[in-house]
Amino acid sequence: MITHEKHEELETIIRGKSILGREDNLTAARNFLSGRFSTNTKVTRSFQGESIIKEAQKNCLIDFATDNNLWFKEELSDENFLTEGGEAKIHFSTTRNTVIKLNDAIYYSTWLAFLNSILIHNLLFLDTRYLLLAFIMADGELLAVLEQPFIITDAVTDLSDVKTFLEKNGFENIKRNDYYSQNLGLILEDMHDENVLVRNENLFFIDTVFFIDIK
């Protein structure tokens with residue numbers, strides 16, 4: 001899962017440096033914010049204390065979306081609505097056989113922390129990588145429109161298998177379904193059986209929450 005090359009890319013994200021050589025929307029949006037705001041290297045649970053920064057980043061992303069024509073224009077049918085979780089409304093895309101997730105970044109203290117988490121997911125879990133399609137406004141709130149492969153599970157997830165897999169890749173189980181990598185300085189939370197699916201005896205991590213936390 002974590003090669004030397006991936007480790008170097010993670011260091012770039014964690015240290016708040018600009019990611020070079022990519023032109024996708026996710027990287028562009030993240031680089032846009034990281035050039036204007038610092039990346040926290042210690043996890044914070046004080047979302048209220050970061051609310052002013054998050055609001056400022058939201059306004060920056062609104063400008064970014066406008067300047068780059070990244071407002072989502074596609075109609076999402078109620079017939080294809082799948083479910084709604086803590087941070088995302090999920091629709092099925094019949095044309096692309098993928099899921100479309102409208103994410104409000106509620107689990108993160110800042111939008112930059114959210115975009116960094118998605119980038120980290122894409123580095124570590126390529127089979128379920130996200131594409132940032134665009135942004136959308138709903139009831140005054142900014143939502144990121146993400147696309148991800150649709151995974152059909154064929155077995156119940158055994159959390160001991162998840163633990164074994166993550167431990168082999170340097171993540172220590174710190175409590176319940178939360179993990180920490182001392183080597184990477186990353187917290188990975190909420191790895192329960194709805195966020196990790198099984199197909200053909202392989203694990204697919206479909207919903208991850210990463211926090212940078214360098215001890």
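The values are calculated or read from the model by the stated rules, or taken from the named source; none is laboratory data. Predicted model, so just to flag it, every value in this text is computed and none were measured. Every residue, glycine as well, gets a Cβ built from its backbone with ideal geometry; the counts of neighbours run over all protein chains shown.
Summary table below
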| quantity | calculated |
| --- | --- |
| Matching residues in region 83-103 - criterion: being assigned to a loop (DSSP other than H, G, I, E, B) and buried (at least 17 other Cβ atoms within 10 Å of the Cβ) | GLU87 |
| Complete set of residues in region 119-140 that are over 15 Å from PHE205 (Cβ atoms) and either at pLDDT below 95 or outside any strand (DSSP E or B) (or both) | ALA138, ASP139, GLY140 |
| Extreme residue, surrounded by the fewest Cβ atoms within 10 Å (Cβ to Cβ), among residues of region 33-56 that are closer than 17 Å to VAL209 by Cα and modelled with pLDDT of 80 or more | LYS42 |
| Matching strands (runs of 3 or more DSSP E) fully within region 172-215 where at least 2 residues are out of contact with any Lys or Arg (no Cβ under 9 Å at 6 or more places or on another chain), free of Cβ contacts under 8 Å to residues at least 40 places away in the same chain and not assigned by TED's automatic domain parsing to the domain that holds TYR130 | 172-175, 178-181, 186-189 |
| Counted residues, region 1-43 - those being among the hydroxyl-bearing types (Ser, Thr, Tyr) and in a helix (DSSP H, G or I) | 3 |
| Hey, THR41 touching a strand residue (DSSP E or B) at 6+ places or on another chain (Cβ under 8 Å), closer than 25 Å to PHE125 by Cβ, of a type outside the set (Asp, Glu) and assigned by TED's automatic domain parsing to the domain that holds PHE125 or not | yes |
| Enumeration of residues in region 179-215 that are closer than 30 Å to LEU82 by Cα and β-branched (Val, Ile, Thr) | ILE187, VAL196, VAL198, ILE206, THR208, VAL209 |
| Meets criteria (in the same structural domain as CYS60 (by TED's automatic domain parsing) and in contact with a strand residue (DSSP E or B) (Cβ under 6 Å, 6 or more places away or on another chain)) for ALA138 | no |
| Qualifying position, being surrounded by 15 or more Cβ atoms within 10 Å (Cβ to Cβ) and touching a residue at least 40 places away in the same chain (Cβ under 8 Å), among LEU133, LEU166 | LEU133 |
| Test: residue in region 159-168 that is out of contact with any strand residue (DSSP E or B) (no Cβ under 6 Å at 6 or more places or on another chain), outside any strand (DSSP E or B) and of a type in the set (Ser, Thr, Tyr) | yes |
| Only one of LYS58, LYS42 that is over 30 Å from PHE150 (Cβ atoms), in contact with an Asp or Glu (Cβ under 9 Å, 6 or more places away or on another chain) and in contact (Cβ under 8 Å) with a residue 12 or more places away in the chain | LYS42 |
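Residue-wise test of (1) in contact with a Phe, Trp or Tyr (Cβ under 9 Å, 6 or more places away or on another chain); (2) surrounded by fewer than 18 Cβ atoms within 10 Å (Cβ to Cβ); (3) under 28 Å from SER38 (Cβ atoms).
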{"position": "SER117", "(1), (2), (3)": "yes, no, yes"}
{"position": "SER160", "(1), (2), (3)": "no, yes, no"}
{"position": "PHE171", "(1), (2), (3)": "yes, no, yes"}
{"position": "ASP178", "(1), (2), (3)": "no, yes, yes"}
{"position": "ASP207", "(1), (2), (3)": "no, no, yes"}
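Rundown of residues vs (1) out of contact with any Cys (no Cβ under 8 Å at 6 or more places or on another chain); (2) at pLDDT below 95; (3) within 30 Å of SER51 (Cβ to Cβ), yes/no style:
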position	(1), (2), (3)
LEU142	yes, no, yes
ASP161	yes, no, no
LEU166	yes, no, no
ASN177	yes, no, yes
LEU184	yes, yes, yes
ILE187	yes, no, yes
ASP190	yes, yes, yes
ARG199	yes, no, no
